[in-house]
Ligand code: SAM
Ligand code: SF4
């Protein structure tokens, strides 16, 4: 009999990816994905610890799940409840203590043991927050036309605001041969685009098939040769790990899309040093210049934190100056939120909430204006769009441009999975609208 599995995912692309793999892993055991937790046989909360109140949110969500679990028990059934991801890694024992109805708690690097944990949960509470030395092989279900592939895990950078090195463990790069084999499987299953994932993806330094070590640039060069793979992307990068080979890949590998998420966090050298980012604003600007020389149309995105402890008005102005100088196609910006156990959380000068909110509003207005101008600059142009799924309106499809813009156009469902030239007719706040262009117009 089919059993129902509901996964609620919080946070980053890595978690989205991990959740998809959990569903793949449980499918052979008869679990089909359900739309809601109400009558699921297995409920997994895949949690994120990056911002404030993550643990409280998990406990409040668990309160709701407990009501469904009780209802199931009244009917004589059983609902297994599991908490995975970074909150589980950080607060595992406390979860089992405060929410004793939780059956399984597992860290981000233990999800491949999920079937075994579910089997054990029949008899006992299971806690697995170990960091394995070796990253285990993946299992695959139909990946869709745009697929994710983890190449690197963990982080050794220890930025003073960040929990990732504590929750995701030390940096580990998967051997290139395994990645190439999996990319081949993804392509054979229909993927046209692969996004390489890692908390610090460009710190990749995996064993090469010949026995040496490859960086991300070399890995990208090899993956671009896989038949069927038309597009490659990677996220998230650290500015310090952009090396010559990666810049050369942006110049030489046509499949590598001209879009890069390269978080800078702040434009102030004083704040960057306090964050332990290991680079200055000047070094970041020079990296961007080199990337633009290699690939003139490369579009950039970033993460910013405002109100980091000790950030002065002048420091904040250095951030808005940097944003004006670089010009971003899109970006994410956050108010600094102290994460327990990280060095910045105990810094003496915390910025008051109203100042953080004011700075965030100023920065976001500037970033939104840049995003609007970037999108507007494509009106009248033709962009190759990889259609991924039906749009919100009947007869419409939605896909991505090379610059990661979401593009809507009227097209038949048979074009899903194709890269199609689209003439852009309108720029909306977060997407583009267009119509399919005649072949001759297609330049890219
Ligand atoms: N590894 C990536 C890097 O170094 O840029 C980022 C990983 S983190 C999951 C994503 C973003 O969350 C960070 O770039 C940062 O802007 C934000 N972030 C992390 N910790 C934060 C905190 N304590 N307060 C506010 N934002 C935070
Ligand atoms: Fe966190 Fe810094 Fe590592 Fe990114 S590089 S995951 S921000 S510690």
Q. When DSSP assigns beta bridges and you keep just the ones with both residues in the chain, what percent turn out antiparallel, to the nearest 5?
A. 35 percent
Q: Quick one: compute the contact order of region 293-444, relative version, from alpha carbon pairs under 8 angstrom and 6+ residues apart, as a percent.
A: 19 percent
Q | For region 315-430, fraction of C-alpha pairs farther apart than 20 Å, in % | A | 57 percent
Q.
Starting from the Kirkwood Rh over alpha-carbon pairs, what translational D in µm² s⁻¹ does region 1-108 have by Stokes-Einstein at 20 °C and 1.002 mPa s?
A. 154 µm²/s
Q | Gain upon complete extension [residue 122, residue 317; 0.36 nm per residue less C-alpha separation] | A | 64.5 nm
Q. How far is the Cα center of region 66-87 from the Cα center of region 243-299, in Å?
A. 45 Å
Q) region 166-320: Rg/Rh from Cα coordinates, Kirkwood Rh? A) 1.02
Q. Normalised by the number of residues in the chain, what is the relative contact order in percent for Cα pairs under 8 Å and 6+ residues apart?
A. 9 percent
Q) By its C-alpha gyration tensor, with a ≥ b ≥ c as the square roots of the eigenvalues, how is region 393-441 shaped: rounded for a/c under 1.5, else prolate for a/b larger than b/c, else oblate? A) rounded
Q. Tell me, Kirkwood radius of region 200-281 from alpha-carbon pair distances, in Å?
A. 14.0 Å
Q) Binned at 5 Å from 0, what are the whole-percent values of the Cα-Cα distance distribution for region 93-243, short to long? A) 2, 9, 16, 18, 17, 15, 11, 7, 4, 2, 0
**Q.** Residues residue 350 and residue 392, FRET efficiency given R0 of 35 Å [Cβ-Cβ distance, rounded to 0.05]
**A.** 0.25
Q: Could you check what % of the DSSP bridge pairs in region 321-444 are antiparallel, to the nearest 5?
A: 85 percent
Q) P(r) for region 25-87: what percent of alpha-carbon pairs falls in each 5 Å bin, starting at zero? A) 4, 17, 24, 22, 18, 11, 4, 1
**Q.** Scattering curve values for the chain, log₁₀ I(q)/I(0), Debye with Cα scatterers, q = 0.08 Å⁻¹
**A.** -0.50
Q: State log₁₀ I(q)/I(0) for region 26-165 at q = 0.12, 0.20 Å⁻¹ as given by the Debye formula over alpha-carbon point scatterers of equal weight, solvent excluded.
A: -0.54, -1.37
**Q.** Ranked packing of 68-78, 252-262, 285-295, 315-325, most packed first, by mean Cβ within 10 Å
**A.** 252-262, 315-325, 285-295, 68-78
Q. Scattering from the C-alpha atoms of region 276-364 alone, worked out with Debye: what is log10 I(q)/I(0) at q = 0.10, 0.11, 0.23 1/Å?
A. -0.30, -0.36, -1.23
Q.
Given the -39500 (n - 2.57) contribution per DSSP H run of 4+ residues, what per-residue ellipticity at 222 nm results for the chain, rounded to the nearest 500 deg cm²/dmol?
A. -10500 deg cm²/dmol
Q. If we count other beta carbons within 10 Å of each Cβ, what is the order of 161, 101, fewest first?
A. 101, 161
Q: Choose one answer from 83, 422, 213: the residue with the largest mean-square fluctuation in a GNM of the chain with alpha-carbon springs under 10 Å.
A: 213
Q: With a 10 Å radius around each residue's Cβ, average the other Cβ atoms per peptide and rank 203-209, 119-125, highest first.
A: 203-209, 119-125
Q.
Could you tell me the relative contact order of region 173-228? Use alpha-carbon pairs under 8 Å, at least six residues apart, and round to a whole percent.
A. 47 percent
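All of the numbers you see were taken from the coordinates with simple rules; none came from a lab. Remember, it's a predicted structure, so these values are computed and weren't measured experimentally. All Cβ positions, glycine included, derive from the backbone under ideal geometry; neighbour counts span all protein chains shown.
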